[in-house]
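Take a look at the structure set out below.
The values are calculated or read from the model by the stated rules, or taken from the named source; none is laboratory data. This is a predicted model, so every value here is computed, not measured. When we count neighbours, we look across all protein chains shown, and the Cβ atoms used for this are built from the backbone with ideal geometry, even at glycine.
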Amino acid sequence: MKKNLFCAAMLLTSFSAFTAEQHAHWGYSGETGPENWAKLTPEFGACAGKNQTPVNLDGFIKAELKPLKFNYKAGGSQILNNGHTVQVVYDAGSNVVIDGVEYALKQFHFHAPSENQIKGESYPLEGHFVHADKDGNLAVVTVMFKEGHANEALESLWTHMPAKEGDKIALSPANNALKFFPKDHAYYRFNGSLTTPPCTEGVRWIVMKKPVFVSKAQIDAFKKVMVHANNRPLQPINAREILG
Ligand SMILES: [Zn+2]
């Protein structure tokens, strides 16, 4: 029961109609693993959809993508371990403007190894910055981490690493998510889904072209608390185009 409540809490910002009662247990291997998500409960039916994430970003369609406008302020006020990821909950008041629409930053979290790939390359860590507009439409901005020197922004976060599932730790002062992005905000874009059940589609995906660095010790610290890999396998691109 305790586990179910935390899972529901993770989904709350992105899928408010989903209640703890409806929530089926899911994981990254075995009977509750990604191959079986769509069969676990009717609410996870979208996991068998045609527009799923993650994907291998390749075969780009050249496009004049408008620069992203980030209006972020310090707002990462809590870090938690929900058993599926380590997530930072963000206070209201920060947004990114995509196609003239404001998407408020709700939370960000991590996957190791990366879920998406760029031209067939997997990365040791991927950050997902989850945004929603006033109608609940989602936009996820993704950053790839490449192994190298320690990441300064992660360093301050990881000192508050929630070691066990259910752990929640307040961040004071609040963290600014902008520090995680590369200086160059050039990006790829495609349409996809949540990468965790209920795998809801209609999510705008923005993938930063340039990776940022992360040290091996920082990757290991995350993997240690996750215990297992938390990346969904690649999904077919089907009829979608990747702009870049
Ligand atoms: Zn994610």
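Data table
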{"item": "Of the criteria (1) crowded, with 22+ Cβ neighbours inside 10 Å; (2) farther than 14 Å from Ile206 by Cα; (3) among the charged types (D, E, K, R), which one Glu126 fails", "result": "(2)"}
{"item": "Strands (runs of 3 or more DSSP E) enclosed by region 108-215 - at least 3 residues per element that are among the aliphatic types (A, V, I, L, M) and modelled with pLDDT of 95 or more", "result": "125-132, 138-147, 168-175, 201-208"}
{"item": "Residues (more than 14 Å from the ligand (Cβ to nearest atom) and either free of Cβ contacts under 8 Å to residues at least 60 places away in the same chain or not polar (S, T, N, Q) (or both)) located in region 106-130", "result": "Ile118, Lys119, Gly120, Glu121, Ser122, Pro124"}
{"item": "Test: residue in region 225-244 that is in contact with a His (Cβ under 6 Å, 6 or more places away or on another chain) and closer than 23 Å to His131 by Cβ", "result": "yes"}
{"item": "Test: residue in region 92-102 that is under 16 Å from Ala229 (Cβ atoms) and either out of contact with any Leu (no Cβ under 9 Å at 6 or more places or on another chain) or surrounded by 22 or more Cβ atoms within 10 Å (Cβ to Cβ) (or both)", "result": "no"}
{"item": "Region 53-66, residues that are within 21 Å of the chain's Cα centre (by Cα) and either modelled with pLDDT under 95 or in a loop (DSSP other than H, G, I, E, B) (or both)", "result": "Thr53, Pro54, Val55, Asp58"}
{"item": "Residues of region 131-140 satisfying the condition of being touching a His at 6+ places or on another chain (Cβ under 8 Å) and either basic (Lys, Arg) or more than 9 Å from the ligand (Cβ to nearest atom) (or both)", "result": "Leu138, Ala139"}
{"item": "Scope region 78-91; condition closer than 21 Å to Val227 by Cβ and part of a loop (DSSP other than H, G, I, E, B); matching residues", "result": "Asn82, Gly83, His84, Thr85"}
{"item": "Test: Ala74 is in contact with an Asp or Glu (Cβ under 9 Å, 6 or more places away or on another chain), part of a strand (DSSP E or B), within 24 Å of Ser172 (Cα to Cα) and at pLDDT 95 or above", "result": "no"}
{"item": "Test result for Glu121, buried (at least 22 other Cβ atoms within 10 Å of the Cβ) and either basic (Lys, Arg) or farther than 16 Å from His160 by Cβ (or both)", "result": "no"}
